[in-house]
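Reviewing the structure listed below.
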Amino acid sequence: MPADKPAPAAVKAAPGADNVDYATERYEVAALPLIGGDSDIGFEFGSVGTLTHFSKGIVPYEWNMDLVLAASVKGGPSGTEITQQNYQWNIDVPAVAGSNVRINPQVSYNRTVNQLYFGIGNASSPQAPSGAPARYFEFDDRQARVRDLTRIALGGPIDVMLGATYRFEAPGPYAGSKLAEDAAANKVIGVDPLSLVTLASGVVVDTRDSEIFPRQGSYHQIGLRGTVGIPFDAGIRYGAAGAMLATYKPIGGPFVLALRGVADLEFGNVPIYDLYTGGPFQTYEMPGGSAAIRGVPDGRYSGLVKIFGNAEVRALVLRFRIAGQRFRVGGNVLFDAGRLWADYTFTSPLDGRGVGLKWGAGAGAYLQWGQAAVFRLEVAYSPDAASENPSLPLGIYVEDGVMF
């Protein structure tokens, strides 16, 4: 599933940056088909497009708009079915009316009829009990979302970030499933339709030379968020602290070492669909999925405390033109690792014994189209993917932009 586009920052172009032009008024259009998937979601297809307007010397653009339309199909208990739908629109305006305020509103709808749930904790088992239904480790996850991120430049590398999100969640546990069992036993909450409002705030420290494809500098995000469910008698109220700390180092020629550490700490009455997500201002699937430990299936692990790291060597190495359009291609090799904890005792039997590290490794390809659009295709292996999907032990991701 394509991830939310990270909220960028107005940054200065690096000295000697490649053919950057922020002054000439123009539009850049880029679009690619989405073709990917794995044995969890099936065959994914759709398209992702971006429209960028450059003018007035505003870095990195005057505005950028993205549109994602995607679905996937897979054989289910009753035959071939649409397993996922993902529709997303957002626009990013770095300098609203020439001010120091940047806004990034987004509207999205997602439905996943085979969203994974294996229970709580780092040691949750993929072994279904004898006689379990075909969808024992799945539920029908439906959500609609309206979100805005507002970034206020304070001068220098430090900015304030504010976020506001409204969601409507309507999870559907299947009869006899693991989620239905845990909800009936009061081990988890949040299986009824619910509106949720989330407010977030924090700081961003940004010294990147480019937000499109950074080669040096850092990008740190630290924030707090609070969520309340409506109606209030549903009992959904929780807070969270999150941090994403990234750094970029040139290591010779076109190659860049990109490193990121992520921590997300939730507390309170957290609904089941937020136990496998996290982030300081907007939430991403974690610790599995395309925005966290690649190769680990999205939803494979759920818990309150999540810590992981990402390492990549990436480069754009070849440039060419087609019909007057500028392109660059390159790739990356990647390694991700981390884990979660069910609660703050850090000794829960749900988390097992030992280090319990989850990891994924793989490689990808980049296509930069024009000055502002980057698309990536990544393939990652993880032991968790192998244990769940022995015939195709891979995560395959087609996304917009670099991961971090």
*Could you work out the equivalent-ellipsoid semi-axes for the range 146-279, taking the square root of 5 times each eigenvalue of the Cα gyration tensor, largest first, in whole Å?*
36, 18, 11
*Taking the chain and dividing mean pair separation by its residue count, relative contact order in percent (alpha carbons under 8 Å, at least six apart)*: 13 percent
*Ordering LYS56, LYS249 from largest to smallest accessible area (1.4 angstrom probe), what's the sequence?*
LYS56, LYS249
*asked:* In Å and on Cα atoms, what radius of gyration and Dmax does the range 228-281 show?
replied: 17.4, 59
_Cα-based Kirkwood hydrodynamic radius, the range 347-398, one decimal, Å_ = 13.5 Å
*Tell me, what is the percent relative contact order of the range 245-404, built from C-alpha pairs under 8 Å that lie six or more residues apart?*
20 percent
*asked:* Contact order normalised by length for the range 165-212, with contacts defined as Cα pairs under 8 Å and 6 or more residues apart; what percent is it?
replied: 47 percent
*Going by average Cβ neighbours within 10 Å, how do the peptides 181-190, 234-243, 24-33 rank, with the highest at the top?*
234-243, 181-190, 24-33
*What whole-number value in Å² describes the accessible area per residue of the chain for a 1.4 Å probe?*
40 Å²
*At q = 0.08, 0.13 Å⁻¹, what log₁₀ I(q)/I(0) does a Debye calculation on the Cα points of the range 247-404 give, no solvent, two decimals?*
-0.27, -0.66
*Semi-axes of the equivalent ellipsoid of the chain: what are they in whole Å, largest first, if each equals the square root of 5 times a C-alpha gyration tensor eigenvalue?*
35, 23, 20
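The values are calculated or read from the model by the stated rules, or taken from the named source; none is laboratory data. Quantities reported herein were computed from a predicted structural model and do not represent experimental measurements. Cβ coordinates were reconstructed from backbone atoms using ideal geometry, including for glycine residues, and neighbour counts include every protein chain displayed. Only protein heavy atoms, including side chains, enter the accessible area calculation; ligands, DNA and RNA are left aside. Shrake-Rupley method; radii C 1.70, N 1.55, O 1.52, S 1.80 Å.
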